[in-house]
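The values are calculated or read from the model by the stated rules, or taken from the named source; none is laboratory data. Since we're looking at a predicted model, the values are computed, not measured. All Cβ positions, glycine included, derive from the backbone under ideal geometry; neighbour counts span all protein chains shown. When the accessible area is computed, the model is the full protein with side chains, heavy atoms only, and any ligands, DNA or RNA have been set aside. Shrake-Rupley method; radii C 1.70, N 1.55, O 1.52, S 1.80 Å.
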Amino acid sequence: MAEMSRSTHIRRQAEAVLLGNWIGGHTVPARTLYPHQWSWDTAFIAVGLAQVAPLRAWQDLHSLFMAQWPDGRVPHIVFDPDVSDRDYFPGPSFWRAAGSGFARAGTTGIVQPPVHALAAWLVHQAHPAPDELRRLYPLLVKQQHYLAAHRNAGGAGLASIVHPWESGLDNSPAWDEALAVLPADTDILRLHHRRDIEVSVVSHRPTDRDYARYIALASVYRDQGYQDYGVRGPHPFLVECPAFNALNASAELALADIAKEVGADPLPHRERAAAIGRAMVERLYNPETGMFHALDVRAEKLSPARCVSGLIPLILPDLPEAIVDSLATQALSAHFGMASLPLPSYDRLAADFDPVRYWRGPVWINMNWLLWRGFTTHGRPDLAAALRASMLEVIERSGCYEYFHPVSGEGIGTAQFSWTAALALDLLASDLAGLKG
Ligand code: 2M8
């Protein structure tokens, strides 16, 4: 297809997906499988909406931040009062978290990666809206404050996640070792009915053993009132994820830009970003594999798994040049095999690489979009261009799927998935001369 009609084809599809998933006030990730508002999905969606409906982008971000908790945490799901509790598990009756008074059906009590400051800055780049930035800035600062004050379980200034769902890469092999020491009591699933496997293919979703651990971990956190006690506290899962922390540092950099725009001081944001970057290099980088790994804070051990999350620190502009080179080498190596297809979520050479199971092999567009930004930031236009082309190619061929088969490029998971559509729109709008933001 000629370049023009090819872009038009993708753009039309993507716009239709975002319109179809707009339920008035916010956009859902996908109508059937994910019928509520998700935190980091909202950020990626806003980036794409900036190209076609900037008012909806701001509305999406504001509706998420209306549910921000008084302690600053932005919940990973804001439940829609018009959706039955039976339509998503675990729903409001499991979490029993009121959140802020504005979330009528409540929220979850865990978070997701803080991509929102970057998203707000990118929306503003596409359609300058200083008043919107002024409204959001203090809320974004509070979100960062929560992570710095309550999640520094390892004591080095990095945020720990307390549940795999907080990473957004739910069943990534990055958590396998930290989860293995926890009991996997699948009896818990007799009490709690898995809705996800009724509306998608069982072999693509996390296993029952993983799911049982997710439910047990969420119950522990809920039953301790969603309090964070740090490394010596009772929480059984405390992990420093390289992607989460890279996004945390990148949020501070975006806040520095936003601060300048709204008349606040950018310097503390830059200093925090630099400190997070340094701690990541010290704690999460493994020179032997040439990439970053998740750190189990309780066991004080790096996960051996090579996951795409370990390449995401490439988004940080001040990463040492030798590490940038190494991450690029890894991306091109047989482990990830960035070539005609975008990067998979997990090491292609690993014995347990699974091309269809969720975050244990398939290609995800949000991860590749971040890497594309990273290559551009570090002056690798050739790699950025190749990755951009392969993402658009797979979306054109298969549609706006949730994820893609890492060998055939076939679309898998749910169709009409919002962040795939949104990021396709951003890719189409971005020329290779440079990134916005
Ligand atoms: C997936 O996670 C949810 C739980 O949060 C689920 O499996 O039900 C992940 O891919 C996550 O990153 C994403 O935000 C969410 C909604 O798209 O779905």
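Summary of computed values
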item: Options Gly379, Gly399; residue that is more than 20 Å from the chain's Cα centre (by Cα), more than 13 Å from the ligand (Cβ to nearest atom) and open to solvent by less than 40 Å² (accessible area, probe 1.4 Å); result: Gly399
item: Filtered residue count, the range 15-30, keeping only those that are among the hydrophobic types (A, V, I, L, M, F, W, C), more than 16 Å from the ligand (Cβ to nearest atom) and not in a helix (DSSP H, G or I); result: 0
item: Counted residues, the range 133-173 - those being over 18 Å from Ala249 (Cα atoms) and open to solvent by 40 Å² or more (accessible area, probe 1.4 Å); result: 2
item: Hits in the range 333-358 - residues which are within 16 Å of the ligand (Cβ to nearest atom) and either at positive phi or among the β-branched types (Val, Ile, Thr) (or both); result: Val356, Tyr358
item: Output for the range 105-128, where each listed residue is surrounded by fewer than 24 Cβ atoms within 10 Å (Cβ to Cβ), hydrophobic (A, V, I, L, M, F, W, C) and under 11 Å from Ile77 (Cα atoms); result: Ala105, Ile110
item: Selected residue [more than 16 Å from the ligand (Cβ to nearest atom), touching a residue at least 40 places away in the same chain (Cβ under 8 Å) and touching a His at 6+ places or on another chain (Cβ under 9 Å)] from Leu133, Leu147, Leu158, Leu122; result: Leu133
item: Residue count, the range 359-375 (criterion: more than 11 Å from the chain's Cα centre (by Cα) and either within 10 Å of the ligand (Cβ to nearest atom) or assigned to a loop (DSSP other than H, G, I, E, B) (or both)); result: 4
item: Test: residue in the range 177-198 that is at pLDDT 95 or above and not aliphatic (A, V, I, L, M); result: yes
item: So His235, is it touching a residue at least 12 places away in the same chain (Cβ under 8 Å) and farther than 21 Å from Pro113 by Cβ; result: no
item: Close pairs from the range 37-58: first more than 15 Å from Asp426 (Cα to Cα), partner among the β-branched types (Val, Ile, Thr) and within 16 Å of the ligand (Cβ to nearest atom), Cβ under 7 Å, at least 6 apart; result: Gln37/Val28; Gln37/Ile77; Gln37/Val78; Trp38/Ile77; Ser39/Val74; Ser39/Val111; Trp40/Val115
item: All positions within the range 315-339 that are of a type in the set (A, V, I, L, M, F, W, C) and either assigned to a helix (DSSP H, G or I) or buried (at least 20 other Cβ atoms within 10 Å of the Cβ) (or both); result: Ile315, Leu316, Leu319, Ala322, Ile323, Val324, Leu327, Ala328, Ala331, Leu332, Phe336, Met338
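One line per residue, one yes/no per condition, for (1) within 14 Å of the ligand (Cβ to nearest atom); (2) open to solvent by 40 Å² or more (accessible area, probe 1.4 Å); (3) at pLDDT below 95:
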| position | (1), (2), (3) |
| --- | --- |
| Gln13 | no, yes, no |
| Thr32 | yes, yes, yes |
| Ala50 | no, no, no |
| Arg56 | no, yes, no |
| Leu61 | no, no, no |
| Ile77 | yes, no, no |
| Asp80 | yes, no, no |
| Asp87 | yes, yes, yes |
| Ala103 | no, no, yes |
